[in-house]
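Accompanying notes for the structure given below.
The values are calculated or read from the model by the stated rules, or taken from the named source; none is laboratory data. Keep in mind that what you see is a predicted model, and the values were worked out from it rather than measured. Neighbour counts run over all protein chains shown; Cβ positions are idealised from the backbone, glycine included. The protein model used for the area step is the full one, side chains on, heavy atoms only, and it has no ligands, DNA or RNA in it. Shrake-Rupley method; radii C 1.70, N 1.55, O 1.52, S 1.80 Å.
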Amino acid sequence: MALGIRKNDTVTIISGRDKGKRGRVLIVDKIKGTIVVENCNFVKRHTRAIPQKNIKGGILEKEAPMPISKVKLFCPECQNPTSVKAKFEEGKKFRSCKKCGTILTAKGA
Ligand SMILES: [Zn+2]
């Protein structure tokens, strides 16, 4: 999809444990349909020590990927989670807020 959520966008989590949380998009995996959002969906990973591979055991906290459907783009203008709508201006395609129509695409995009 050409439109939608991209890296460095601000999104709101709309379902699950982190519902209502807001964060910056770190990774968008279009093939898997997953997204990694800064400071959201933390998972504790218990790693077992594997001395042969020089891996120390312990608890590692890391942002985990979640389905893109669990987040919505956050519109800074109307302060709402929103969907993206295509908008054409001067022959260029922009992403705009479905609710208030504000163009969300940053310069150069
Ligand atoms: Zn808006």
Is the stretch 14-31 home to any residue that is assigned to a strand (DSSP E or B) and hydroxyl-bearing (Ser, Thr, Tyr)?
no
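Can you find a residue that is under 18 Å from residue 4 (Cβ atoms) and in contact with a Gly (Cβ under 7 Å, 6 or more places away or on another chain) anywhere in the stretch 42-63?
Within the stretch 42-63, the first condition is being under 18 Å from residue 4 (Cβ atoms), and the residues that meet it are none.
The answer is no; no qualifying residue exists.
Enumerate the strands (runs of 3 or more DSSP E) found wholly within the stretch 33-109, keeping only those where 3 or more residues are open to solvent by 90 Å² or more (accessible area, probe 1.4 Å) and within 16 Å of the ligand (Cβ to nearest atom).
By residue number, no strands (runs of 3 or more DSSP E) qualify.
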Among (1) open to solvent by 40 Å² or more (accessible area, probe 1.4 Å); (2) among the charged types (D, E, K, R); (3) more than 16 Å from the ligand (Cβ to nearest atom), residue 18 falls short only on (1)
